Amino acid sequence: MKGIHMGYKTIIGLEVHVELKTDSKMFCSCSADYFGQEPNSHTCPVCLGLPGALPVPNQKAIEWCVKIGLALNCDIPMFSKFDRKNYFYPDLPKGYQISQYDQPFCVNGHITLESGKKIGITRVHMEEDTAKLLHQFENQKSETKNQNYSLIDFNRSGVPLVEIVTEPDFETADEVKEYLQKLQQIVRYLDVSNADMEKGNMRLEPNISLHKITNRQPATGNRLPPYKVEVKNINSFAFVGKAIDYEIKRQAEILEQGETPLQETRGFVEKTSSTVSQRIKEEANDYRYFPEPDIPPVCWTETQILSLKSRMPELPDKKIKRFEKEYSLPKADSLTLTKDRETADYFEEAVSSGKNHNLTAKQVANYLINKKINITEILPAKLIGEIVKSSKTNDVNPEELKEIVRKILKDNPQVTADYKKGKGSVIQFIIGQVMYILRKKIDTEVLRKLILEELK
Amino acid sequence: MKLSHLSIKQAKKGLKEKQFSSVDLLNSCFEEIKKRNTNLNVFLTLSEKEATEQAKKADKLIANRQDLPLLGIPIALKDLFSTKGIRTTAASKVLDDYIPPYDATVVKKLKNAGAVIVGKANCDAWAHGSSGENSDFGPTKNPWNEAYIPGGSSSGSAVSVTAGMALAATGTDTGGSIRLPASFTNTVGIKPTYGRVSRYGIIAMASSLDSIGHFTKTVEDSASLLNVTAGKDELDATTPPVEVLDYAKDLNKGVKGLKIGIPKEYFIEGLDKKIKEEIEKAIKFYEKEGAQIIDISLPNTEYAIATYYIIQPAEVSSNLARYDGIRFGNARETFGDEAKRRIMLGTFTLSVGYYDAYYKKAMRVRTLIKQDFDNAFEKVDAIIAPVSPTMPWKLGEKVNDPLKMYLSDVFAAPINLAGIPGLSVPIGFIDGLPVGMQILGPHFSESLLFRIGQHYEINHNWHERNPYGL
């Protein structure tokens, strides 16, 4: 009964921020690579928000944002613009964030889960990251009044961020996890972000609420609950499920008592796997959005969009299907080999050079998967050599093999009996015994055929 | 004639012919500054040391027969222009001790052209105002009559030129802030097409309206200065890659055959009778010189000031958010009354529930105002209109009536809403105070405006007068 907790339907929407790995920041030429750098070493008048400085948009970041949109099956409106989102916070040097409000780069997309369920994507838009605050708390009393202070590191200020907002289509934590894995995989396939949650390249904020299931009001109804709870500070895939499950339980308990949970922002606490209240939103924030006057609107031409489309790499879903068909691989192998673009490319290159040695795609796949080959350590052509060599050096005289198999069958009469009853697993047992006797690895396919013959 | 009252053209000739040095020229400016700055309150910061070094360097280059467009010419900068290592306050106490770590693009261009930076000129704080009285460092006085305001917001820049403290000065024009003080001080003021000159490094007032221009004594100087400052800037996304022509090339082509439009909405009841007479004289002059005078209408003019006072404060409220008290040392209560007024107005009109009724509607009217001009320029080459409905007023006269102050922008602000260029040229004196007219043209038609202005100037020579008869 996943997704339903004591008569409630769970409704989850997701906001994901993906930090792009462009060389320079969104609106200036500072390096966007801030991770582990000396604080405030990647700054200039623009990303420090100094008086008079102006933003100039990063063309590559905009193209990458549109690529993400295309990969998520979005429509790309021909007209788009940047807007200012006004609010005060010490990590926001201009007093506003340049973002997109009512005319984002991409709208109306979706991701299809394995179950066939479609998760709607409302929009994909471009914005800039904020600076980083470092809070220092020192309790010791000293002659100066206050030892508590906060430091600001502007290296992250202005790094390009893409925000991907879904419809409230998720019903379980597992769906959320699957969506996130797919999204991460797509973004990495596009090679536009490292999408590393631990490093903060990918950040997510689920909105969670529960809906009571009654007879009169079916759970499939479109009405949303009168509240939602946003959860922040989830910085690992492992915590997504924990945070969501905790919230479902917490909210259900409140609803059980006949009350409505508060509309609020909560923070996930790793230590206790729970969430705590951070900020209660009584009303929506008024960000006083208005069109960014420092940046002219973006108007695409058909040609530009077509050119972007033509430069899109093959995406995971398509590649999985192609691998199944083109290489006659089972789905499980296809999934493993397409996990990332590097592995998939490696496999295809290996298959291609394996052809000269009469190796089938399946043989290459097996070797790659079973031996857990580290593709960064060995070139595909060399790998093929290894496969060929391994099957050659372990060539055992078929007569000798036959002898051994016969002996095993003789010593273990119940094996033949079990096999006749339909117990196919006995073959694995015999293979194990042969290996044990020979003390070396051999081509199991050859051996299997031989055993089957003897069992007849 | 005192050196500091020379035009750029005259000074360049003198420098080239070794009649005087750049240091002499600079010293002449500083003599005037030292004599009158305490009283007139023109400069907030002087960069005498740096200027002297620049002048010496210029003299060396001149001695080596090198030439640059502004080599050795002393220029003042409105205190909105970021200058590396030189205090830049926007005439607000909020930035009382702010020293920028970088030069605005225009400052860089001026320096590269050999200009000598005299100092930072007073203005209305954050360029909010039409009189110069909103400066947190006290108002600038009009040297033609010190009881009067010189016009704003680029008050100090205009006065520095007319009082012979610099040969030219930069300014910004968001709703008349160059053309109005030019008209009130007998100087030539150019508000170029929006985006013609980079805004990078110039403290923003209202980003979609801010135009970067300058004050000079003559039209020709104005054109040659624009030759230096204009052009696409990689650091300002609103500067289009429109070619920079030699703005001085067509100066002396006259006005024969040009169609000049006179918009009836600019000659309404509130217009000072004497100003009207002076403008009409100028129009007659052009007619006599062979221009065709055509009556036109800009029907949405009456909505311009309301539209302007919605869009401008909205952008101001956002642009001033960065002065949050964390990084520039002074808290937000340090803002003066006018800045606070605009922050509140803008915050209100951008708020949920009001945005559609105010900001969005104002943007629609702005489009209509633009279309008015587009339609007019199908019939005429240029337009002539008054800059201000009134003559300079007395210091203190309007400070308690912000609305009255706002109305002085009534003929200037529509030009910013449309983004077209405007040139203010002196056309005489009324009761001892100067008055100017504005010449308007289509986007990027600055060459034409200079040509029309030049023809008036060389036949009237008002620019030869200065308040001290020097």
Can you work out the Karplus-derived ³J(HN,Hα) for every residue in region B:21-28? Use 6.51 cos²θ - 1.76 cosθ + 1.60 with θ = phi - 60°, whole Hz, and x for glycine or proline.
9, 5, 4, 4, 4, 5, 4, 4
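Placing unit charges on C-beta atoms (Lys and Arg positive, Asp and Glu negative, everything else neutral), compute the dipole magnitude of region B:11-80 about its Cα centre in debye, rounded to 20. Numbers along the way, then the final one.
Values: 13 positive and 10 negative charges, 37 e Å.
Charge dipole, region B:11-80, about its Cα centre: 180 debye, nearest 20.
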Taking Cα atoms, the helix A:237-256 axis meets the longest principal axis of chain A at an angle in degrees (rounded to 10) of 60 degrees
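Counting each DSSP H run of 4 or more residues in chain A as -39500 (n - 2.57), what helix-only mean residue ellipticity at 222 nm follows after dividing by all residues, to the nearest 500 deg cm²/dmol?
Numbers: 13 runs with 163 residues, N = 456.
Rounded to the nearest 500, it is -11000 deg cm²/dmol.
Using +1 on the beta carbon of Lys and Arg, -1 on that of Asp and Glu, and nothing else charged, what's the dipole of chain B about the Cα centre, debye to 20?
Taking the Cα centre of chain B as origin, the dipole is about 760 debye.
Mind checking B:322-329 for the average number of partner chain beta-carbons within 10 Å of each residue's beta-carbon?
On the way: counts 11, 3, 8, 1, 6, 6, 2, 0.
Counting Cβ atoms of other protein chains within 10 Å of each residue's Cβ and averaging gives 5.
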Loop-located trypsin sites (Lys or Arg not before Pro) in region A:282-366, at most 12 other Cβ atoms within 10 Å (DSSP)
A:Arg311
3J(HN,Hα) from dihedral phi, region B:92-106, Karplus parametrisation 6.51/-1.76/1.60, rounded to Hz, x for glycine, proline:
10, 5, 4, 10, 3, 10, 8, 10, x, x, 8, 9, 4, 3, 4
Each residue of region A:321-327 in turn: what ³J(HN,Hα) in whole Hz from Karplus with 6.51, -1.76, 1.60 and θ = phi - 60°, glycine and Pro shown as x?
4, 5, 4, 4, 7, 5, 10
Can you list residues whose amide H is under 5 Å from A:Ser274's amide H, if they're 5+ apart or on another chain and H is modeled 1.01 Å from N?
A:Val269
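Would you work out the relative contact order for region B:113-200, in percent, from Cα pairs under 8 angstrom that are 6 or more residues apart?
Relative contact order of region B:113-200: 23 percent.
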Only four residue types carry charge here, +1 at the Cβ of Lys and Arg and -1 at the Cβ of Asp and Glu. Report the dipole size of chain A about the Cα centre in Debye, rounded to the nearest 20.
1680 debye
What is the distance in Å between the Cα centres of region A:46-63 and region B:364-407?
33 Å
In whole percent, what relative contact order does chain B give with Cα contacts below 8 Å and a gap of six or more residues?
18 percent
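Which ordering of B:Ile458, B:Ile33 is given by a fewest-first count of other beta-carbon atoms within 10 Å? Working shown, then result.
Values: B:Ile458 14, B:Ile33 25.
With the sparsest Cβ surroundings first, the list reads B:Ile458, B:Ile33.
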For chain B, what proportion of DSSP beta bridges, expressed in % and rounded to the nearest 5, is antiparallel?
70 percent
Under the rule of at least 5 residues apart or a separate chain, name every residue whose amide H is placed under 5 Å from the amide H of B:Gly119.
B:Ser47, B:Leu77
Built amide H within the under 5 Å cut-off of B:His214, gap 5+
B:Gly171, B:Ile190
Result for the protein assembly as shown, cysteines with no Cys Cβ partner under 4.7 Å, is A:Cys28, A:Cys30, A:Cys44, A:Cys47, A:Cys65, A:Cys299, B:Cys29, B:Cys123
Other protein chain Cβ atoms within 10 Å, averaged over every residue that makes up B:314-321
5
In deg cm²/dmol, rounded to 500, what helix-only [θ] at 222 nm does chain B give when every DSSP H run of at least 4 residues adds -39500 (n - 2.57) and the total is split over its residues?
-11500 deg cm²/dmol
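Read the figures in this text as sums done on the coordinates, not as results from a lab. As the structure is a prediction and not an experimental result, all values here were calculated from the model. Cβ coordinates were reconstructed from backbone atoms using ideal geometry, including for glycine residues, and neighbour counts include every protein chain displayed.
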